[in-house]
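Asks: One structure, as structure tokens, below. Some questions next.
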Amino acid sequence: MSTTQGRWITLGALVFVASVLVLMGGAPVVSNSLSVWFVEDDPARVAYENFQDLFGNDEVVVLAIGTPDMPLTRPVRDAVASTAAEMRGVSGVASVTSPADANAGPLADLLVNSDSSVFLLMARLEVMTDADARRHEILLGLRQAVASLARTGVELHWAGIGLVYDELNEVSFRETPLLTGASFVLVGVVLYAVAGSWIPVLLALASVVISTMVLMGVFSLAGFQLNMVTAILPTLMLVVGTATAVHIFTRLQRATGESPDGALQEVFKPCLFTALTTAAGFASLMTARMGVIRDLGAFAALGVLISLVVTFVFARAIISTRWSTVNRGRTPRSAALLEGLAGWVVSHPRPILTASAVVAGLSLFGATKVVVDTYSIEFFREGHSVRVDSEAIEAGYGWYLPLEFAVQSPDQGHALEPALLATISDWQSRVEESGEAQWSLSVADFASPGSQPATIDPVAAGLVDEARSTVRVTFGVPMASARGWAERIDHVLAMADETLPDGSTITEGGYLPLYVRMMDYVVDTQVRSFAVALVLVFAIMGVFLGSPRIMLLALLPNLLPILLIFGVMGSLGIRLDIATVTVAAIALGIVVDDTVHLLFHFRRNMEVTGDRATAVRAALVDVGPALLGTTAILTASFAVLGFASVLSIALFGLLSAATLVFALVADLLVLPAMLMVWGPSPRSFTISSSGGSHD
């Protein structure tokens with residue numbers, strides 16, 4: 001068997017393994033459930049689960065019925081009662097509360113607005129271990145249950161936290177293949193424009209397809225699920241795989257005096273180290289406390305290594321054929337531009353560094369304005385039905401989201417004591433009067449003067465736990481960001497401390513406090529992941545470059561793009577949230593690749609010439625075309641994500657694309673200028689007697 005046959009058989013075996021993994025793993029499941037965001041023992045998650053144990057599921061699906069021309073008359077009430085009965089029959093629904101079930105009293109006041117033009121049906125879901133898997137089916141059942149009511153001409157709007165996450169799942173499922181496909185097409189076009197041949201396009205995209213098949217097969221077989229964060233994995237595979245392929249074919253084009261195998265061996269070392277630095281940037285995300293971020297980091301790091309192996313296996317097969325001679329010795333179109341740029345940088349290093357310092361200072365000022373916050377409903381663009389419905393309900397009815405608390409009496413089993421209920425009622429009044437809530441509900445409302453007699457079972461209604469030692473208190477609050485809810489919760493708790501009797505205990509419950517916890521996770525993830533990425537990436541660079549001084553010089557040009565992107569975020573009011581928190585660590589791992597290649601060529605040329613200016617010029621001319629090509633391709637890949645309807649994905653793509661552009665400028669201008677001013681002296685290198693470049 002010939003060497004060529006062996007290489008193609010190896011490639012065929014890889015394709016076979018990839019196909020088997022995809023078939024065994026099946027299509028990835030999309031889920032944005034709590035389990036992927038929070039660790040098991042997180043206090044906020046424990047409190048959330050304890051609240052469910054006491055009072056059942058707090059997840060409520062809100063249906064607002066607008067009847068501006070038909071007040072709540074008997075026919076309308078009968079139609080609503082019939083609809084509520086249909087909704088109760090949907091599997092997974094624990095209860096449905098409607099104004100038809102409460103002719104007067106607290107519930108009637110809660111479910112109808114002041115002029116009776118809008119009223120609510122509130123469907124509470126059952127506690128289910130597989131709630132996230134069943135939610136979409138339940139929501140479809142609820143929509144079908146109101147089909148007859150919809151035909152009467154009333155205006156219907158749906159809302160609830162569960163609807164937000166269900167739609168995020170659906171959008172992620174629909175758009176991930178479309179965006180990935182669009183990225184593939186765009187990358188192919190840009191790659192052809194850069195390379196002038198379809199052979200590099202075949203090398204890059206075929207390698208990416210095989211690598212992605214392997215990674216996503218392993219991902220599904222391991223039982224992991226896609227969500228609005230891990231949905232970017234295919235795009236990341238496209239990015240890292242294409243970058244490696246560009247450096248391979250660029251090196252092959254210049255290999256006029258050596259064999260293709262020799263050229264491939266020569267480029268393997270820098271590609272190996274760039275793969276390690278990129279994987280290190282991704283792996284740093286595994287320090288995050290959010291499970292979804294850890295998953296992204298682990299599988300992205302694995303994907304980088306898979307991509308390296310697959311791309312070089314594919315390249316070895318390609319160069320064993322006549323295809324490898326296509327465009328051999330071709331002069332890159334950017335050669336003249338890079339020649340001129342190299343001469344200018346070598347002649348003006350200090351002005352470049354001065355301008356960089358000014359830009360860094362302005363970016364630092366902008367970065368101080370970055371706000372840590374998360375607002376899930378704004379992950380959807382304006383005009384999306386989820387946002388339209390929520391805004392319509394708040395405009396017509398008012399604040400509909402439940403903010404839950406559990407008040408435990410000082411004496412076990414005495415939660416219904418009049419004295420405790422009186423203080424709870426006072427607390428509710430204070431909160432409503434302060435404007436922190438528009439309405440509230442507790443068992444105290446049914447015991448207050450003017451309310452109907454206690455015709456409800458407080459335990460069955462979920463207002464008191466079975467032991468009758470804990471009272472559930474619910475406040476109606478607006479849709480808001482995590483920071484807004486955090487401030488509101490603090491104010492409500494402060495009023496509780498001033499009102500409730502000594503010895504009683506109040507704890508936060510339900511979903512909103514859990515959501516607030518994400519802010520702590522975001523800050524923690526940003527600090528941990530970026531610090532770890534910084535240490536790992538530059539430790540690997542130090543080993544590769546063999547020079548602590550060059551490693552330190554590489555540090556600042558790679559921190560500058562990160563600082564710039566935070567400056568942009570602060571200036572444009574872009575939040576640091578669960579979507580944008582990964583940009584810094586991921587970008588650092590990717591942008592440092594160009595630095596590694598540039599410094600690799602600088603070091604080689606210093607060893608040959610012993611002249612700093614000559615080495616800088618040669619490095620820019622040698623590797624510059626590959627840097628321009630990879631940046632154009634990777635920027636296009638990430639920019640495609642900007643068309644996503646989920647803004648979290650769109651922002652990640654656009655910010656990553658901008659960071660890559662900033663990094664290219666830093667590598668072509670700032671790093672060479674620093675090498676000219678503070679670079680190692682010729683004495684630091686062994687001068688080659690041949691006088692020829694090693695590249």
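Asks: Can you report the number of residues in the range 139-163 which are under 30 Å from residue 236 (Cα atoms), out of contact with any Phe, Trp or Tyr (no Cβ under 8 Å at 6 or more places or on another chain) and of a type outside the set (Gly, Ala, Ser)? Working first, answer last.
Replies: Here is the first cut: in the range 139-163, the ones under 30 Å from residue 236 (Cα atoms) are 161-163.
Subset that is out of contact with any Phe, Trp or Tyr (no Cβ under 8 Å at 6 or more places or on another chain): 162-163.
So of that shortlist, the ones also of a type outside the set (Gly, Ala, Ser) come out as 163.
Final tally of qualifying residues: 1.
Asks: Is one or more of the residues making up the range 196-214 open to solvent by 10 Å² or more (accessible area, probe 1.4 Å) and on the phi > 0 side of the Ramachandran plot?
Replies: For the range 196-214, residues open to solvent by 10 Å² or more (accessible area, probe 1.4 Å) and on the phi > 0 side of the Ramachandran plot: present.
Asks: While we're looking at this one, here's another question. Please go through (1) assigned to a helix (DSSP H, G or I); (2) modelled with pLDDT under 95; (3) within 36 Å of the chain's Cα centre (by Cα); (4) not acidic (Asp, Glu) for residue 419 and return the number of the only condition it doesn't satisfy.
Replies: Going through the list (1) assigned to a helix (DSSP H, G or I); (2) modelled with pLDDT under 95; (3) within 36 Å of the chain's Cα centre (by Cα); (4) not acidic (Asp, Glu), residue 419 breaks only (3).
Asks: Ok, one more. Inspect the range 534-553 for any residue being open to solvent by less than 10 Å² (accessible area, probe 1.4 Å), in contact with a strand residue (DSSP E or B) (Cβ under 9 Å, 6 or more places away or on another chain), of a type outside the set (Lys, Arg) and within 21 Å of residue 288 (Cβ to Cβ) and give the result as yes or no.
Replies: For the range 534-553, residues open to solvent by less than 10 Å² (accessible area, probe 1.4 Å), in contact with a strand residue (DSSP E or B) (Cβ under 9 Å, 6 or more places away or on another chain), of a type outside the set (Lys, Arg) and within 21 Å of residue 288 (Cβ to Cβ): absent.
Asks: What about residue 647, is it closer than 23 Å to residue 518 by Cα, touching an Asp or Glu at 6+ places or on another chain (Cβ under 7 Å) and of a type in the set (A, V, I, L, M)? Lay out the reasoning, then the answer.
Replies: Working: closer than 23 Å to residue 518 by Cα: yes; touching an Asp or Glu at 6+ places or on another chain (Cβ under 7 Å): yes; of a type in the set (A, V, I, L, M): yes.
It is true that residue 647 is closer than 23 Å to residue 518 by Cα, touching an Asp or Glu at 6+ places or on another chain (Cβ under 7 Å) and of a type in the set (A, V, I, L, M).
Asks: Right, residue 239: part of a helix (DSSP H, G or I) and touching a residue at least 24 places away in the same chain (Cβ under 8 Å) or not? Can you show your working first?
Replies: Values: part of a helix (DSSP H, G or I): yes; touching a residue at least 24 places away in the same chain (Cβ under 8 Å): yes.
Here the answer is yes, as residue 239 does meet what is asked.
Asks: When you look at residue 638, is it of a type in the set (A, V, I, L, M, F, W, C), surrounded by 21 or more Cβ atoms within 10 Å (Cβ to Cβ) and in contact (Cβ under 8 Å) with a residue 12 or more places away in the chain, yes or no? If you could, list the steps in order and put the result at the bottom.
Replies: Working: of a type in the set (A, V, I, L, M, F, W, C): yes; surrounded by 21 or more Cβ atoms within 10 Å (Cβ to Cβ): yes; in contact (Cβ under 8 Å) with a residue 12 or more places away in the chain: yes.
Yes.
Asks: For the range 569-580, give me each residue that is modelled with pLDDT of 85 or more and either open to solvent by 50 Å² or more (accessible area, probe 1.4 Å) or among the hydroxyl-bearing types (Ser, Thr, Tyr) (or both).
Replies: Result: 571, 572, 573, 575.
Asks: Take the residues in the range 118-176 that are in a loop (DSSP other than H, G, I, E, B), touching a residue at least 12 places away in the same chain (Cβ under 8 Å) and farther than 23 Å from residue 75 by Cβ, then tell me which one is most open to solvent (accessible area, probe 1.4 Å).
Replies: Going through the range 118-176, the residues in a loop (DSSP other than H, G, I, E, B) turn out to be 126-130, 146, 151-154, 160.
Still in the running and touching a residue at least 12 places away in the same chain (Cβ under 8 Å): 126-128, 146, 152, 154, 160.
Next cut, farther than 23 Å from residue 75 by Cβ only: 126-128, 160.
Values: 126: 74, 127: 90, 128: 30, 160: 5 Å².
Here the residue is 127.
Asks: Looking at (1) free of Cβ contacts under 8 Å to residues at least 40 places away in the same chain; (2) in contact with an Asp or Glu (Cβ under 7 Å, 6 or more places away or on another chain); (3) not small (Gly, Ala, Ser), find the lone condition where residue 572 falls short.
Replies: (2)
Asks: Out of the residues in the range 282-323 that are under 16 Å from the mean Cα position of the chain (by Cα) and polar (S, T, N, Q), which is least open to solvent (accessible area, probe 1.4 Å)?
Replies: Checking each candidate, the answer is 284.
Asks: Would it be correct to say that residue 355 is assigned to a helix (DSSP H, G or I), surrounded by fewer than 17 Cβ atoms within 10 Å (Cβ to Cβ), modelled with pLDDT of 85 or more and under 34 Å from the mean Cα position of the chain (by Cα)? Talk me through it step by step, then tell me what you get.
Replies: Working: assigned to a helix (DSSP H, G or I): yes; surrounded by fewer than 17 Cβ atoms within 10 Å (Cβ to Cβ): yes; modelled with pLDDT of 85 or more: yes; under 34 Å from the mean Cα position of the chain (by Cα): yes.
Yes, satisfied.
Asks: Within the range 630-681, can you find the residues that are at pLDDT below 90, over 19 Å from residue 173 (Cα atoms) and either in contact with a Lys or Arg (Cβ under 7 Å, 6 or more places away or on another chain) or among the aromatic types (Phe, Trp, Tyr) (or both)?
Replies: 678, 679, 680, listed by residue number.
Asks: Checking the structure you have, find out if any residue of the range 581-600 is open to solvent by 30 Å² or more (accessible area, probe 1.4 Å) and farther than 30 Å from residue 49 by Cβ. Talk me through it step by step, then tell me what you get.
Replies: First, pick out the residues of the range 581-600 that are open to solvent by 30 Å² or more (accessible area, probe 1.4 Å): none.
The answer is no; no qualifying residue exists.
Asks: Against the condition surrounded by 14 or more Cβ atoms within 10 Å (Cβ to Cβ), in contact with a Pro (Cβ under 7 Å, 6 or more places away or on another chain) and of a type outside the set (Ser, Thr, Tyr), how does residue 403 come out, does it pass?
Replies: Numbers: surrounded by 14 or more Cβ atoms within 10 Å (Cβ to Cβ): yes; in contact with a Pro (Cβ under 7 Å, 6 or more places away or on another chain): no; of a type outside the set (Ser, Thr, Tyr): yes.
Against the criterion (surrounded by 14 or more Cβ atoms within 10 Å (Cβ to Cβ), in contact with a Pro (Cβ under 7 Å, 6 or more places away or on another chain) and of a type outside the set (Ser, Thr, Tyr)), residue 403 does not qualify.
Asks: Kindly indicate whether residue 382 is surrounded by fewer than 20 Cβ atoms within 10 Å (Cβ to Cβ) and outside any loop (DSSP other than H, G, I, E, B). Lay out the reasoning, then the answer.
Replies: Details: surrounded by fewer than 20 Cβ atoms within 10 Å (Cβ to Cβ): yes; outside any loop (DSSP other than H, G, I, E, B): no.
Answer is no for this residue.
Asks: Next question. Which residue pairs have Cβ atoms closer than 8 Å, lie 6 or more positions apart in sequence or on different chains, and pair a first residue in the range 1-26 that is of a type outside the set (S, T, N, Q) with a second residue that is open to solvent by 70 Å² or more (accessible area, probe 1.4 Å) and in a loop (DSSP other than H, G, I, E, B)?
Replies: Within 8 Å, the pairs are 9/1.
Asks: What about residue 115, is it open to solvent by 60 Å² or more (accessible area, probe 1.4 Å) and touching a Ser or Thr at 6+ places or on another chain (Cβ under 9 Å)? Spell out how you get there, then give the answer.
Replies: Values: open to solvent by 60 Å² or more (accessible area, probe 1.4 Å): yes; touching a Ser or Thr at 6+ places or on another chain (Cβ under 9 Å): no.
Spelling it out, it is not the case that residue 115 is open to solvent by 60 Å² or more (accessible area, probe 1.4 Å) and touching a Ser or Thr at 6+ places or on another chain (Cβ under 9 Å).
Asks: Looking at the range 466-483, is at least one residue assigned to a helix (DSSP H, G or I) and modelled with pLDDT of 80 or more? Outline the logic, then answer.
Replies: Within the range 466-483, the first condition is being assigned to a helix (DSSP H, G or I), and the residues that meet it are 482-483.
Still in the list and also modelled with pLDDT of 80 or more: 482-483.
Scanning the range 466-483, I find at least one residue that is assigned to a helix (DSSP H, G or I) and modelled with pLDDT of 80 or more, so the answer is yes.
Residues are listed down the side, and each one gets a yes or a no for (1) in contact (Cβ under 8 Å) with a residue 40 or more places away in the chain; (2) at positive phi:
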| residue | (1), (2) |
| --- | --- |
| 344 | no, no |
| 366 | yes, no |
| 374 | yes, no |
| 377 | yes, no |
| 383 | no, yes |
| 390 | yes, no |
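Asks: If you take the residues of the range 219-232 that are surrounded by fewer than 24 Cβ atoms within 10 Å (Cβ to Cβ) and part of a helix (DSSP H, G or I), which of them is farthest from the chain's Cα centre (by Cα)?
Replies: 221
Asks: Then there is this: Given the options 490, 497, name the one that is open to solvent by 30 Å² or more (accessible area, probe 1.4 Å), under 30 Å from residue 392 (Cα atoms) and either in a helix (DSSP H, G or I) or in contact with a Pro (Cβ under 7 Å, 6 or more places away or on another chain) (or both). Step through it out loud before you land on a result.
Replies: Working: 497 fails: under 30 Å from residue 392 (Cα atoms).
Answer to the check: 490.
Asks: Report yes if some residue within the range 38-58 is of a type in the set (A, V, I, L, M, F, W, C), under 30 Å from residue 174 (Cα atoms) and at pLDDT 90 or above; otherwise report no. Outline the logic, then answer.
Replies: First, the residues of the range 38-58 that are of a type in the set (A, V, I, L, M, F, W, C): 38-39, 44, 46-47, 51, 54-55.
With under 30 Å from residue 174 (Cα atoms) added as a condition, the list becomes 38-39.
Subsequent filtering for residues that are at pLDDT 90 or above retains none.
For the range 38-58, residues of a type in the set (A, V, I, L, M, F, W, C), under 30 Å from residue 174 (Cα atoms) and at pLDDT 90 or above: absent.
Asks: Further question: For the range 582-603, check the following and say yes or no: at least one residue is over 16 Å from residue 666 (Cα atoms), assigned to a loop (DSSP other than H, G, I, E, B) and in contact with a Pro (Cβ under 9 Å, 6 or more places away or on another chain).
Replies: There is no residue in the range 582-603 that is over 16 Å from residue 666 (Cα atoms), assigned to a loop (DSSP other than H, G, I, E, B) and in contact with a Pro (Cβ under 9 Å, 6 or more places away or on another chain).
Asks: For a quick check of your reading of the model, give me the residue pairs whose first member lies in the range 612-627 and is open to solvent by 10 Å² or more (accessible area, probe 1.4 Å), whose second is of a type in the set (Val, Ile, Thr), with beta-carbon atoms closer than 7 Å and at least 6 apart or on different chains.
Replies: As it stands, the answer is 613/346; 617/346; 625/250, since those pairs meet every condition given.
Asks: State all residues of the range 455-478 that are open to solvent by 20 Å² or more (accessible area, probe 1.4 Å) and more than 13 Å from residue 54 (Cα to Cα); if no residue qualifies, say none.
Replies: Result: 455, 456, 457.
The values are calculated or read from the model by the stated rules, or taken from the named source; none is laboratory data. Keep in mind that what you see is a predicted model, and the values were worked out from it rather than measured. We place every Cβ from the backbone using ideal geometry, glycine too, and count neighbours over all the protein chains shown. These accessible areas exclude ligands, DNA and RNA; they are computed on the full protein's heavy atoms, side chains included. Shrake-Rupley method; radii C 1.70, N 1.55, O 1.52, S 1.80 Å.
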